[in-house]
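Encoded as structure tokens, the structure appears first; notes follow it.
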Amino acid sequence: MVLYKINEYRNPLYSISEIIEAFEKNGGGKKFNPTTDRKEADQYAEYERWKEIVNQYFIYEEKIIRLMILLNDYNFDIVNGKNLKNYIIEMRHKRFEKEYADQEKERNENMTKEEREILKNKYLEITKILYKYDDKDDNWGKELENYFFAINAKLRKYIK
């Protein structure tokens, strides 16, 4: 389920009902006005998707800890030196970087050409993790899927 939630988060399309629901849930009781509230509502919708990832991760973590205890293998969830927590933390760092980059973007008119280029490159790196636009260029997403395939293969040994 956590992989599904990560893929859902990385899909940058939000339904209008998802946006309205997120805004009304997080907007302090205000009713959604598409003219004035769209940017804030989009941020709330993204935040709601992020919360789902975190909630699903905690469920996953509880189950994987039980499994590691049963198997007496405390490295069971490590694949190529990473576990799921590493991927979640990487996404969290990119979310923080995006917030900072968004603030920098707002002062765009005062930036030099070099600073704009640095900001553009920063956004490119952030989007490689946070958003999935094209399957063939989604190396981070492929790595995450391969992680789950490897965990699945490990688990199959114990399923009879």
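What's the carbon and sulfur percent of the stretch 20-160's accessible surface, probe 1.4 angstrom, rounded to a whole number?
51
At 4 °C and 1.567 mPa s, grab the translational diffusion coefficient of the stretch 1-77 from Stokes-Einstein with a Kirkwood Rh over Cα pairs, rounded to a whole number in µm² per second.
Roughly 91 µm²/s, to the nearest whole number.
As an exercise, find the ratio Rg/Rh for the stretch 104-159 from alpha-carbon atoms, using the Kirkwood inverse-distance average for Rh.
1.31
Per-residue ellipticity at 222 nm for the chain, helices alone: DSSP H runs ≥ 4 residues times -39500 (n - 2.57), over residue total, nearest 500 deg cm²/dmol?
Per the formula, -24000 deg cm²/dmol.
Compute the distribution of all C-alpha to C-alpha distances in the stretch 1-146, in bins of 5 Å from 0, and list the percent of pairs in each, rounded to whole numbers.
2, 8, 15, 16, 17, 16, 11, 8, 4, 2, 1, 0
Using +1 at the Cβ of each Lys and Arg and -1 at the Cβ of each Asp and Glu in the stretch 1-77, identify which of F23, N72, P34 lies farthest towards the dipole's positive end.
P34
Which whole-number percentage describes the relative contact order of the chain, with Cα contacts under 8 Å and a sequence gap of 6 or more? Working shown, then result.
Details: 92 pairs, mean separation 42.0, N = 160.
Once divided by the residue count of the chain, the mean separation gives 26 percent.
For N108 and S17, what does the FRET efficiency come to when R0 = 35 Å and r is the distance between their Cβ atoms, rounded to the nearest 0.05?
0.60
Please work out the average accessible area per residue across the stretch 2-160, using the 1.4 Å probe convention, and give it in Å².
Accessible area per residue: 67 Å².
The values are calculated or read from the model by the stated rules, or taken from the named source; none is laboratory data. If you're wondering where the values come from, they're calculated on a predicted model, not measured in any experiment. Here Cβ is always computed from backbone atoms with ideal geometry, including for glycine, and neighbour counts include all displayed protein chains. All accessible areas refer to the heavy atoms of the entire protein, side chains included, with ligands and DNA or RNA removed. Shrake-Rupley method; radii C 1.70, N 1.55, O 1.52, S 1.80 Å.
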